[in-house]
Amino acid sequence: MSSAPPTLGAPRMTPPRTDFVRPLALTTLLVCAAMVLWFLFQALLAWPLGASHPWQLLVDAATEHDWPRSLRWMLAHPVLTSLLMGAVCVPSLVSSWGLYKGTRWGLISYVWLLVITGLGNIGVAWWLDRVAAALIMKLGDAPVVEELQAQRLLFTFTVLGSCVLFAVLQGWLAWRLMRPDIRSRY
């Protein structure tokens, strides 16, 4: 009695899981660490620079010409401004570490920071526009003011467009990270 040899069916293989989360988290972690170190280094550089006579002349000129209050404060406190900018990067650093290690709090905090920074960048673009508009209005020469206003608008639309684009991309990434296939790993 001869029987046909059993046929071997192709084993069912699940497609390999695309793991973009760990490389994303590691990249963000390294960038945030570099930013924190940069702002600490900048604070060290600003320490002697902020006490120098030319810097004090700049601070005095900003006060005399009534520059925007936020800009005058940043000029008057360059070390503290640099340290605050570094401190703003710390939550992203911690969140990226948590995401890289695969913790649930890392995932949730990373998603929240994506949304917050997406919206915050638009706020920074608005602030830059307001500062530039105020400084341009301090000039008295009408043709120069008119040309600088046109350049300011072009700059603002470019920066704001970039911020909106990044906010959309960050929103998509936040949505992707909250999908069940990613959440199930945390």
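Numbers at a glance
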item: Kyte-Doolittle mean at least 1.6 and Cα axial length at least 15 Å: DSSP H helices in the chain; result: 21-50
item: Two-decimal Rg/Rh across region 126-186, once Rg and the Kirkwood Rh are taken from alpha-carbon atoms; result: 1.36
item: For region 95-137, the fraction of alpha-carbon pairs in successive 5 Å shells from zero, as %; result: 5, 23, 15, 13, 11, 10, 8, 7, 5, 2, 0
item: 1.4 Å probe accessible area per residue over region 34-81, in Å²; result: 69 Å²
item: Area projected by the alpha carbon convex hull of region 21-113, averaged over all directions, nm²; result: 6.7 nm²
item: Candidate residues Val79, Val145, Val31, Val21: accessible-area rank, largest first, probe 1.4 Å; result: Val31, Val79, Val145, Val21
item: The chain pair-distance distribution - Cα-Cα, 10 Å bins, rounded %; result: 8, 22, 26, 19, 11, 6, 3, 2, 2, 1, 0
item: Rel. contact order, % - alpha carbon contacts under 8 angstrom, at least six apart, the chain; result: 22 percent
item: P(r), alpha carbons of region 96-168 - 5 Å bins starting at zero, rounded %; result: 3, 16, 17, 14, 12, 11, 8, 7, 5, 4, 2, 1
item: The chain - percent of accessible surface contributed by carbon and sulfur, probe 1.4 Å; result: 73 percent
item: Size of electric dipole in region 35-149: Cβ of Lys, Arg +1 and of Asp, Glu -1, about Cα centre, debye, nearest 20; result: 720 debye
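The values are calculated or read from the model by the stated rules, or taken from the named source; none is laboratory data. Note that the structure is predicted; figures quoted are calculated from it, not measured. Neighbour counts run over all protein chains shown; Cβ positions are idealised from the backbone, glycine included. Keep in mind that these areas ignore ligands, DNA and RNA; they rest on the heavy atoms of the full protein, side chains included. Shrake-Rupley method; radii C 1.70, N 1.55, O 1.52, S 1.80 Å.
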